Amino acid sequence: MRRYIAARILQSVVVTFIVTTIAFFVVRAAPGDPFSYESRPLPPAVRQQLRAQFGFDKPLPEQFVRYVANVARGNFGYSFGKQESVHDAIAQALPRTLLLAGVALTLAFGLGLVIGVMQAARRGGWFDRVTSGVLLFFYSVPDFWAALVLMVAFSSWWRLLPSGNIVDPVMHDYMPGWMAFIDRARHLILPAASLTLLSMAAVARYQRAAMLEVLPSDFVRAARAKGLSERAVIWRHALRNALAPMTTLLGLMLPVFIGGAVFVERVFAWPGIGSLATDALAGRDYDVVCATVIVGAVVVILGNLAADLLHLAIDPRIRE
Amino acid sequence: MRTAFLLVAAGVALAACSTTDSRPGPGATGGTVIMAPTSDASSIFPPSVFDLTGRMVQDQLFDRLAEIGPELVTIGDKDFTPRLAKSWTWASDSLSIAFSLDPRARWHDGKPVTANDIRFSFKVYTDPKFASPVAPLLANLDSVTVRDSLTAVVWFKKHTPEQFYDVAYQLVPIPEHVYGGIPLEQLRTSPITQSPVGNSRFRFVRWDKGTRIELVADTSNYRGRAKLDRIVFTPSNPVTAATQLLTGQADFVESYPFDRASELDTSTVARAVVLPNFAYVFMAMNQFDPKSKNAPHPIFSDVRVRRALSMAVDRRAMLTNVFGDKGKLSYGPFAMSAPFADSTLRLPPYDTAAAKALLDSAGWRAGANGMRAKNGRPLRFALVVSPSPFRRRYAVLMQEQFKTLGVQMDLDQVDDNAARAHMDNHDFDALMGAFSNDPSPSGVRQTWGTDGIAEGGQNFLRYSNKRFDTLLDSATSSFDPAKMKSYASRAFQTVIDDAPAIFLYDITLVYGVNRRITMAPTRTDEYWANLADWSIPAGKRIDRDRIGLTPAKP
């Protein structure tokens, strides 16, 4: 087990390095630099001065070696767009994205699992047919479009929920603790719902298929023969055995959540890693682009590793 | 020779006094305005500010030595009103101006504003170690000396019509006692610049990156308390910001989506405000071959072709098609809101018959398929268009009109950075471009003058005409505003006759503002110039307007 984990961590380091290398060179191959596109164009002398100050005038291989050395020491560079260290920019944005993606992930897997089980238990019935159609609809909808529709419906038409930001920019700080919590939760609902709706369909479909594979098994028949209630058979015995594929899906879905967050954060003005990355890409903020790629890669790799370990823990056959 | 002394106009002084001395009564002040700019500020420290949000915040926190008036007259000092400087005196040779600082002016930490601060600010702005983007605009300033604690003398390299504007408009003083201890090469990245100590009618409270910048009224300000209690800037994309405005979550949205502007006509929460600005859009035609850079362009080096294309498009019909009744036609290489604009210039008329005749005379003749060619080369070129939906709609409309003339225009749709790269490398046949003027005609020199061709200059089209340069020189060196305008008009007519571009429209921006807010008069260069005088009547205030100046919980 230890060797397996060590090998996976080593593999993760290699993958992160490759991804970082690609990001480093691709973003620099794109037209412009951090000082090229401003509302007030920088004079050439100033631009040159800044390029020299931040080391962008050096040959690319030299910049790369220096960048890798700095990252190895935990220095991710300086954001010209944010006028602060990339470390600080990431430290502010990452928890917001993890909150959003974490809530969405929990809801998607929680609800998707329940729906998938209920569909399998009532295979071919009206519940199975209706929820399959509805979930397929959400699965095929582009994430930014779904986010816009939710915003228009719940914020603009019915005015039930705020349409952007993580909290009320003025009143939040004047609210008592419980109201501040509700305020934060209200701002989280629409972006989290956007991400949840899009991924819940996949979870439900996987869970339904896994359950349908398990339900005809001998142990399920034996449980029924023992006189257990159908609820106990489904939720206590069949589901436990149909959970293993979901851990694999958990690993597969992480990039979907991270990628979806980019669009959803943009729509709801949610200042997380996705917004940081898109702003950095537009402004050619090199160090921020590379850092967000590294963070994204690390989150996905660690998530996959955790899913694999979970899979190992719950399925003894794999350990052998 | 310029007179040695300048008296601040009595009316101006009275106006300044009335602002300073009037103490608002109970209920006259209060309210919170949430501004929703399209992006967060990169910097709010004046010497390194380069984006609009940064400038907007900077101008609430920091006063200049003197403030330009609503007419934006950049010549001399007649249009300027006192700010940090309560008066100023010109030297007999006009090569220096002594600014007498208002003794009541205080930094927000309570320390007085002194002449040392002015000298220090000049050093930060102009020292290459700091690399301020504003430095080139202060090129005519030689030095700043301190006569006494309240008198700073600004020395100039030469006497020009805009030397007062150079120092008063471009140099924003910062406190030496706060920033002076930091080496200049480290100042730009120092965290201390992110919580600036200003001297204007709002004080800095906090900046949560990407989320909000909060300012509150400085109740003891030497110019009087701001009418509002608080301004909060929350960056948002235009679509989300529009929804926030309509639901009362935001109070002011810049660049309200043009195609949704009608929502504001029926909204009970917000209303539309159309404010002028200095930007205009044109289709640039490269007179040089993009492949060999210095060889003439096979199509656009001929003025007859350029003029023919200018005459082939119905600019007024396109304006209506794209903007409805809210568009503004462009009249040349300037925006109509510029102080030196002239709507009487002779643009190539819309005349397709004359356009065809011109192309025929230039040797571009229509073939059997209707497309024109010359010596076997078809009259076909590519137009680089950035993501603006309006520019793209214009591009499609022009494409159709050129087609009827036998000209094929292909559209090359790119992002802003790629468009910038095309401009920097002069790598395009035609390009949808936009320029934004300063209040001064000297900015036009950078965009259309031969001076602007140098590397990093803004004249990406490499348009050069000695007559234009000479006339614009005469305009920018004229001390008489009427003469300046006359010279500028003749210079602009020269450009129009050369037809290096088809001048299409002035950029019209629709702003959305909550109906409970009473705006103060705006200024074309900075709509936020009088933000401290915006107000919210007591009867219209909502919860967030009533929290007063009480600090939030930590």
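The values are calculated or read from the model by the stated rules, or taken from the named source; none is laboratory data. Please read these numbers as outputs of a predicted model, since none were measured by experiment. For neighbour counting, all protein chains shown are included, and Cβ atoms are generated from backbone atoms with ideal geometry for every residue, glycine included.
Points to keep in mind about this one:
Residue-wise test of (1) within 14 Å of chain A (Cβ to nearest Cβ); (2) over 24 Å from B:Ser388 (Cα atoms).
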site	(1), (2)
B:Phe252	yes, no
B:Phe258	no, no
B:Ala270	yes, yes
B:Phe288	no, yes
B:Ala308	no, yes
B:Gly332	no, no
B:Asp342	no, yes
B:Thr352	no, yes
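- Matching residues, the stretch A:265-293, being of a type in the set (S, T, N, Q) and more than 24 Å from A:Val149 (Cβ to Cβ): A:Thr292
- Filter pass, B:Leu509 being under 19 Å from the mean Cα position of the chain (by Cα) and closer than 30 Å to B:Met285 by Cβ: yes
- A:Phe24 being assigned to a helix (DSSP H, G or I) and surrounded by fewer than 18 Cβ atoms within 10 Å (Cβ to Cβ): no
- Leading residue by the ranking (surrounded by the fewest Cβ atoms within 10 Å (Cβ to Cβ)) among those in the stretch A:75-97 that are more than 18 Å from B:Thr189 (Cα to Cα), in contact (Cβ under 8 Å) with a residue 60 or more places away in the chain and not polar (S, T, N, Q): A:Leu94
- Conditions (1) under 30 Å from B:Tyr394 (Cα atoms); (2) hydroxyl-bearing (Ser, Thr, Tyr); (3) within 12 Å of another protein chain (Cβ to nearest Cβ); (4) crowded, with 22+ Cβ neighbours inside 10 Å: number failed by B:Thr234: (1)
- Members of the stretch B:243-295 that are among the small types (Gly, Ala, Ser), part of a strand (DSSP E or B) and under 30 Å from B:Ala308 (Cα atoms): B:Ala279, B:Ala284
- Search result, residues across the stretch B:188-202 that are more than 10 Å from chain A (Cβ to nearest Cβ) and surrounded by 22 or more Cβ atoms within 10 Å (Cβ to Cβ): B:Pro196, B:Gly198, B:Asn199, B:Ser200, B:Arg201, B:Phe202
- Scan of the stretch A:134-160 for residues that are aliphatic (A, V, I, L, M) and surrounded by fewer than 18 Cβ atoms within 10 Å (Cβ to Cβ), ordered by number: A:Val134, A:Leu136, A:Val141, A:Val149, A:Val152, A:Ala153, A:Leu160
- Against the criterion of being within 22 Å of B:Thr53 (Cβ to Cβ) and charged (D, E, K, R), B:Arg225 does not qualify.
- Here is the figure for the stretch A:134-171: residues that are closer than 24 Å to B:Asp208 by Cα and within 19 Å of the chain's Cα centre (by Cα) total 3.
- Test: B:Ala312 is buried (at least 21 other Cβ atoms within 10 Å of the Cβ) and of a type outside the set (D, E, K, R): yes
- Selected residue (only one of B:Thr404, B:Thr320 is without any contact (Cβ under 8 Å) to a residue 12 or more places away in the chain and over 24 Å from the mean Cα position of the chain (by Cα)): B:Thr320
- Restricting attention to the stretch B:205-216 and to residues that are out of contact with any strand residue (DSSP E or B) (no Cβ under 6 Å at 6 or more places or on another chain) and in contact (Cβ under 8 Å) with a residue 12 or more places away in the chain, the residue that is nearest to the other protein chains (Cβ to nearest Cβ) turns out to be B:Gly210.
- Only residues that are within 15 Å of A:Val203 (Cβ to Cβ) and either exposed (fewer than 13 other Cβ atoms within 10 Å of the Cβ) or in contact with a Pro (Cβ under 7 Å, 6 or more places away or on another chain) (or both) were counted across the stretch A:114-133, and they come to 0.
- When residues in the stretch B:462-492 are screened for being touching a residue at least 40 places away in the same chain (Cβ under 8 Å), surrounded by fewer than 19 Cβ atoms within 10 Å (Cβ to Cβ) and among the hydrophobic types (A, V, I, L, M, F, W, C), 1 of them pass.
- Residues that are in a helix (DSSP H, G or I), crowded, with 24+ Cβ neighbours inside 10 Å, at pLDDT 90 or above and more than 14 Å from chain B (Cβ to nearest Cβ) are absent from the stretch A:271-282.
- Residues in the stretch B:127-137 include none that are out of contact with any strand residue (DSSP E or B) (no Cβ under 6 Å at 6 or more places or on another chain), over 30 Å from A:Gly164 (Cα atoms) and modelled with pLDDT of 95 or more.
- The set of residues from the stretch B:513-528 being touching a helix residue (DSSP H, G or I) at 6+ places or on another chain (Cβ under 7 Å) and among the aliphatic types (A, V, I, L, M) comprises just one member, B:Ala520.
Here is a yes/no grid of residues against (1) at pLDDT below 95; (2) within 13 Å of another protein chain (Cβ to nearest Cβ); (3) surrounded by 24 or more Cβ atoms within 10 Å (Cβ to Cβ):
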site	(1), (2), (3)
B:Pro26	yes, no, no
B:Thr29	yes, no, no
B:Thr32	no, yes, yes
B:Ala41	yes, yes, yes
B:Val49	yes, yes, yes
B:Phe62	no, no, yes
B:Glu67	no, no, no
B:Glu71	yes, no, no
B:Thr74	yes, no, yes
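- Qualifying residue in the stretch A:285-305 (condition: within 14 Å of chain B (Cβ to nearest Cβ) and touching a Pro at 6+ places or on another chain (Cβ under 8 Å)): yes
- Enumeration of residues in the stretch B:442-459 that are part of a loop (DSSP other than H, G, I, E, B), closer than 15 Å to B:Val495 by Cα and within 12 Å of chain A (Cβ to nearest Cβ): B:Asn459
- Residue match in the stretch B:341-348 (condition: of a type in the set (Lys, Arg), part of a helix (DSSP H, G or I) and not assigned by TED's automatic domain parsing to the domain that holds B:Asp525): no
Yes or no, residue by residue, for (1) within 30 Å of B:Phe340 (Cα to Cα); (2) touching a Cys at 6+ places or on another chain (Cβ under 8 Å); (3) surrounded by 18 or more Cβ atoms within 10 Å (Cβ to Cβ):
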{"position": "B:Pro82", "(1), (2), (3)": "yes, no, yes"}
{"position": "B:Ile97", "(1), (2), (3)": "yes, no, yes"}
{"position": "B:Val113", "(1), (2), (3)": "no, no, yes"}
{"position": "B:Thr126", "(1), (2), (3)": "yes, no, yes"}
{"position": "B:Ser132", "(1), (2), (3)": "yes, no, yes"}
{"position": "B:Leu138", "(1), (2), (3)": "yes, no, no"}
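- Checked against the criterion of being in contact (Cβ under 8 Å) with a residue 40 or more places away in the chain and in contact with a Phe, Trp or Tyr (Cβ under 8 Å, 6 or more places away or on another chain), the candidates A:Leu198, A:Leu188 yield just one match: A:Leu198.
- Elements of type helices (runs of 4 or more DSSP H) contained in the stretch B:100-218, each with 3 or more residues being polar (S, T, N, Q): B:115-126
- Residues that are within 30 Å of B:Glu526 (Cα to Cα) and either modelled with pLDDT of 75 or more or exposed (fewer than 15 other Cβ atoms within 10 Å of the Cβ) (or both), drawn from the stretch A:33-61: A:Asp33, A:Pro34, A:Phe35, A:Ser39, A:Pro44, A:Ala45, A:Val46, A:Arg47, A:Gln48, A:Gln49, A:Leu50, A:Arg51
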